[in-house]
Structures are given as C-alpha cells and as structure tokens.
Amino acid sequence: MVEVNVFGCPEAMDKPVCLIDTASDGKLCVQHSALQVLEQIQQPVVVVAVVGLYRTGKSYLMNRLAGKQTGFALGSTIESKTKGIWMWCVPHPNKAGTTLVLLDTEGLGDVDKGDSVHDTRIFSLAVLLSSTLVLNSRGTIDNRAIEELQYVTELTEYIKIKSPEEVVDDGEFVKFFPSFIWAVRDFTLQLKINEKDATEDEYLEFALKLKLGTSMQVNNYNLPRECIRKYFPSRKCFTFPFPTNPDNVSYLETLDPEEISERFLEVTNRFCQFIFDQSQVKNLKDGHTVTGRVLGHLVKTYVDTIASGAVPCLENAVIAMALIENEAAFQEGLEVYQSGMEKLKKSFPLELNEITCEHQCFSLMATQTFMKRSFRDSDGKFLTSLEEAINHQFDRYLQDNEKASEAKCECLLSVLSEAMTERINQGFYATAGGYNLFCQDLEDIVNQYNTLAYQEVKIAEVLEKFLQQKVAVTTAILQADDKLTENERRICEERERAVLLEQEIKTQEERQRQLEEKMVTEEQNNEERVRQVIQKMEEEMSFQQQETQRAMDSKLREQAALMEKGFQEKADKMASEIEQLRRNNNEVEDRKSREFAQKIADQERRNAQNLEVMRQQHRQQMEAINSRPRPSSPGCSIQ
C-alpha cells in the first residue's frame, strides 16, 4: 500500500500493484486495493501508459521511469509476464506537487490468449487513462509493425466521445487523446532517409507517410497511418540499440550498468528525461485536472462500462465524474468552513464584528475550496447548496455565540448585584429614604455592567430582562418609603416605566445595529462569490479555447503535410474537418457564454433575495423602534 502524507502526496510505493485484471468469466475487473491507493492521492497526476506486443521489454522502460531497476515483471521466457494493467505511483521527479502514475499493460498478441477483442480493450483503456501513451516495439517501424497496430484503427469502435446515439467526427479525438511516443527497441538501422541523416522523429514521420492511390491495398496501407496522424496531436520517437549481449537480454534487470550498452543507457536516459519534462498532467474533457482520486473513478467507470458490454464514453465519464467531484467539493468546502468556525467557537462569546469577519474569511475559503475541485456545475446547484449550508451554519454559530454572551452577562449581573440582593433580603431598603438608596445601588450596578460588558452582543437584552425582574422589588420598596409623598411616588412610577421602555428601545437598537453589520458582511461576501464564479468560468472557457486550438493546430499541420505530398482530396477533407471543428467550437463557446451569463444572473438574484430578507427585517425593526414613544426622563437616575 502506498503511504500518503497529510497533503495527499505519495511518500513511496515500493512496488507496482495490479490495477485491472481479468475475472474468471473473462471480463475485465478493477482491483479494489489499487483504487484505495488512488483514492488517497489528492495531487494532480501525470499518467504514462506503455503498450505493445508481448515480450518486447515494455516493463524495463517503466521500471526506469519509476527510478528502479526492478518492479514491473520482465520475465525471461516467451510467456507474457504482465497480465491486465499494473500500476506504480511515485512522486514526480520534476514537477513538485504532482504524482507520476505508470501503467504497464498486458502484452498484445499473446499466443496463449489469442483474443484480439481483449487486446483492443486493453489498448483502449491505456489511451483513455493516460496523458502520454508509449508504444513499445522491436526492430524497425516497417509496414508489418504498423499493420500489427490494428488496435489504433479500431479505437472509434471502442471509445466514444459522446453517447453512441450522437454522431461525432472522429477528428474530435485529437482534442482528448494522449501524446504519443514510439519506442523502437533493438534498432539496428542507420537513421538515414534518401541517403541523408535523419532524426528519430523524422524517421517516425517517414514511416507514417501515406501512399497516393485509392486501391484497397493502398487504403489498407494508409488506414493505420492516418489514424495515428489524426488521433495523436503530439508524436515522438526514440530508437534503442541492443542493450547487451543477446544471451543476457532476458536478465536485463539484474545486469550491472557496465554490462549494458552505453548507447542504450543514453537513449533510455533521454527517453525518461523527455517524459519527465514533457508529459502533461492528465485532464478530463473540459479541462478538469485529474487527481489520483479522480483517476480511480475513471478506471472504475470505464472498466464497469466495458464489462457491461457497452462502449466507454468520454462525455458520460465526465458527467459521472462531475457529479462525484461536485458532491465531494461541496463536502470539502463545508468542512473547511465548519473546521474554522469550530475552532473559533472555543473563544465564544465574541463581539459580533469579530465573528462576522471570521465567518466571512472561512466562507470565502470554503468557496475557494469548492471552486478548486468542482467542475461542470453549470447551473450552480452545488455552489448554491454550499452557500445555503454555510448560511445555516452561520445562523447556528451566531445563536451559540449569543447563548454564550447571555450566560456571561447574566453571570456578571449576578455577581454585581449580589450585595444589593443581600440588602433586599435583609430589608435594608424597607425604610424611609430606602427607595433613593436602592436607586443609587441599582444605578451603580448598571454602570459597572455597561462598562464591563460593553463588547457583549447580549448586553442590552440581558440588562432589559434584569430590570424587568426587579420591577416587583422596586415597586415594593417605593411603596414602603414613608419619606415620599403620593405625588412623588406617582412620578417615580412613571420614571420606572420610562426606564424599562428606554432599555427595551436600546435592545431593539442593538439588534438593528447587529443586523446592519451582518448585511454589510453579506454584501461583501456576495461580491467576492460573484468574482470567484466569474474567475472559475473564465478559466473553464480559456481551457476550452486552448483545447480547441491544440486540435486546430494539429489538423492544420496535418493538412499542410497532405497538400505538400499531393493528397489534395484528403487535404480537402481535412479542411472540412477544420471548418466543422471551428463551428463546433463556436457553438460550444456560445452555449457556455449563455450558461455563464445565466449562472451569474442566478447568483446575483440569490444574493439580492438574501439581502432583501435582511432589509425586510431591518425595516420591521425600524418600524418597531419608531413606533415606541420615547421616555421623557429616566427613573432611579439610571442613564
């Protein structure tokens, strides 16, 4: 099992594991233990898959990419050693924060297996899962080597871009297929074309040249070459000489470097360095970065589809991934918010300004977390759910803070009024002049309370409740004070009512102030959310344009090459494909622009609705405050 640190980075994986195997009924199946490995990898992944005929030394190259001498089984007999697809996840040597996933596939054309459909499915899965596809062969890139790649010509039957009911030009594959490397092993020829020195890449392109003509023989010759040229936007070639004495080839993994050809080691190092430098992070259709976790979902989706007898579909896989990832993005975002607020809760009670500022910070962090993982949330369903969940949580945290503040204020008043309560119980105020003594003590308590509790959100409300509780005691003391005349008692009673009304108004005004503060924070949050949504949409649109441009550039290069070699009819067909690609891209951009505009409008509408609810509460509170008569003078000289 791979060890993973807290950042979701693989520490080390000491050996490969089987990712895809063949069940007893002959159907492909995914190994759960391998999915568990991928599930833990939260980093982006560069996926390199190697395919080729069995017993051509594919596994040696993959071991070298892993930085190891051994790992993937090499075998030393004519029996194919690798079965299904094996996986090795290692930290990327060049790209920090990235995992290199190596996929070693079952050898194609195994005489014991003799199942071409199985071979094509393995080949198709390698294409679907990788960001770089390495084709490993022996000898030369001659017609026989290319004819053995019938799997390339069958890709359109085993991979669909959209649902099978929708007709899609196979030229669209270039937008989603991996880069292509042909590794030619045991190469003995001189790199010359027409007696001139040639590079390895020129050798590959020469081998992929098309023949003029329309006969069946010419068409059969051209078909696999056309497929490679059309489907794979980037092509590279490496030619490896014999690594060592033929008697030692079967034991290549155990040989010392001195026993291996320097030229072979030089090409191997160049091959590895090219992959480390040039292989790109795997992306889904529409540009979502694939992590180890997402790759695991893709593997299961594709293999389950094949096992069911259906054809893997890129569009359906993206839709399935979007649902899984958006739900996970919602949970991750909410956890970020809850984690921050739970830590803050330990400091309750806090001033409203402090808790709203922290809420704003954690809310934006939650949205950023969601945006980073989510994709294709076109209608904003999951983002809306996150906002609603955060608002619900915020209301709960406000209530918790208010309860903590209320308990603190009540405790403070209890301590401050302890001496006065004792005097009441002793009858200290039940004498002539006792009312004024009581009022003075009460005023001192209130002044001390307002000084000590001035930051508390419940300061006014708790004081209002405290004064209400003292009404009966105040009335009894007032009536017992023989020093007061009836007229003075009446005036004092009016003042007592004024005190209570004044405090009630203060409580309402404090609630009003807190609501206004909350509205300001909400408006700021809304503005930032809209900005984040726009940024996310612009990134998606930019990737869509880059994706199309890459496909366009590839087709334009292919068209120019066809015209140069005299394939006018094929060049004209390519021109039609290019024009169709432009039209399709324009349609996609128009659709996305409409979706984005609607998403922004929906976001702003939700923001306006939330603020309007607050404004309505604000108006109601203002009406309540303004409808209350203002007291003319306080009782008990309490300010």
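The values are calculated or read from the model by the stated rules, or taken from the named source; none is laboratory data. Since this is a predicted model, take the numbers as computed values, not measurements. Using ideal geometry, Cβ is built from the backbone for each residue, glycine included, and neighbour counts are taken over all protein chains shown. To get the accessible areas, we keep the full protein, side chains included, count just its heavy atoms, and leave off ligands, DNA and RNA. Shrake-Rupley method; radii C 1.70, N 1.55, O 1.52, S 1.80 Å.
Key figures for this structure:
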{"quantity": "Around ILE181: net Lys/Arg minus Asp/Glu count, Cβ-Cβ under 9 Å", "calculated": "+2"}
{"quantity": "Nearby lysines by direct alpha-carbon distance to LYS403 (threshold 25 angstrom, same-chain neighbours under 8 apart not counted)", "calculated": "LYS343, LYS345, LYS346, LYS458, LYS465, LYS470, LYS506, LYS518"}
{"quantity": "DSSP H segments from the chain that extend 15 Å or more along their own axis, Cα-based, with Kyte-Doolittle mean of 1.0 or above", "calculated": "116-129"}
{"quantity": "Electrostatic dipole magnitude of segment 187-297 [Cβ: Lys, Arg +1; Asp, Glu -1; Cα centre; debye, to 20]", "calculated": "940 debye"}
{"quantity": "Segment 547-619: C-alpha gyration tensor shape, a/c 1.5 cut-off, then a/b vs b/c", "calculated": "prolate"}
{"quantity": "Length-normalised contact order of segment 426-486 in % [C-alpha pairs under 8 Å, at least 6 apart]", "calculated": "63 percent"}
{"quantity": "Residues of type lysines that LYS211 reaches as a straight line, Cα spacing below 18 Å, ignoring anything fewer than 8 places off in the same chain", "calculated": "LYS230, LYS565, LYS570, LYS573"}
{"quantity": "Filtered trypsin sites (Lys or Arg not before Pro), segment 268-352: DSSP coil and at most 13 other beta carbons within 10 Å", "calculated": "LYS346"}
{"quantity": "Accessible-area composition of the chain, carbon plus sulfur, in percent [1.4 Å probe]", "calculated": "49 percent"}
{"quantity": "Å² per residue, accessible surface of the chain at 1.4 Å", "calculated": "48 Å²"}
{"quantity": "Signed unit charges on C-beta, dipole axis of the chain, positive-most listed residue ILE355, GLN273, THR475", "calculated": "GLN273"}
{"quantity": "Extension gain (nm, one decimal) between GLN580 and VAL520, 0.36 nm per residue minus Cα-Cα", "calculated": "16.6 nm"}
{"quantity": "For segment 293-327 versus segment 190-245, the gap between their alpha-carbon centres in whole angstrom", "calculated": "34 Å"}
{"quantity": "Dipole magnitude (debye, nearest 20) for the chain, charges at Cβ of Lys, Arg, Asp, Glu", "calculated": "1200 debye"}
{"quantity": "For segment 180-296: rounded, prolate or oblate by the Cα gyration tensor [a/c cutoff 1.5]", "calculated": "oblate"}
{"quantity": "Share, in percent, of DSSP beta bridges within the chain that are antiparallel, nearest 5", "calculated": "45 percent"}
{"quantity": "Radius 12 Å from Cβ of LEU352, net charge of other residues (Lys, Arg +1; Asp, Glu -1)", "calculated": "-4"}
{"quantity": "Volume in Å³ per residue [convex hull over Cα atoms, computed for the chain]", "calculated": "200 Å³"}
{"quantity": "With at most 14 neighbouring Cβ atoms within 10 Å, loop chymotrypsin sites (Phe, Trp or Tyr not before Pro) (DSSP) excluded, longest segment of the chain", "calculated": "8-453"}
{"quantity": "Nearby lysines by direct alpha-carbon distance to LYS599 (threshold 16 angstrom, same-chain neighbours under 8 apart not counted)", "calculated": "LYS381, LYS536"}
{"quantity": "Separation between Cα centres of segment 491-513 and segment 334-355, rounded to whole Å", "calculated": "32 Å"}
{"quantity": "Under-5 Å amide H pairs with LEU108, H placed in peptide plane, nonlocal only", "calculated": "GLY52, LEU53, TYR54"}
{"quantity": "Segment 116-238: C-alpha gyration tensor shape, a/c 1.5 cut-off, then a/b vs b/c", "calculated": "prolate"}
{"quantity": "Among SER215, GLY67, ILE534 the positive-end extreme of the charge dipole of the chain (Cβ point charges)", "calculated": "SER215"}
{"quantity": "Of THR98, LEU28, PHE206, farthest towards positive along the dipole that unit charges on Lys, Arg, Asp, Glu beta carbons give the chain", "calculated": "PHE206"}
{"quantity": "Segment 371-400-segment 27-69 distance, computed between alpha-carbon centres (Å)", "calculated": "37 Å"}
{"quantity": "Estimated dipole of segment 383-425 in Debye, rounded to 20 [Cβ of Lys and Arg +1, of Asp and Glu -1, Cα centre]", "calculated": "180 debye"}
{"quantity": "For the chain: relative contact order, % (alpha-carbon pairs under 8 angstrom, 6 or more apart)", "calculated": "12 percent"}
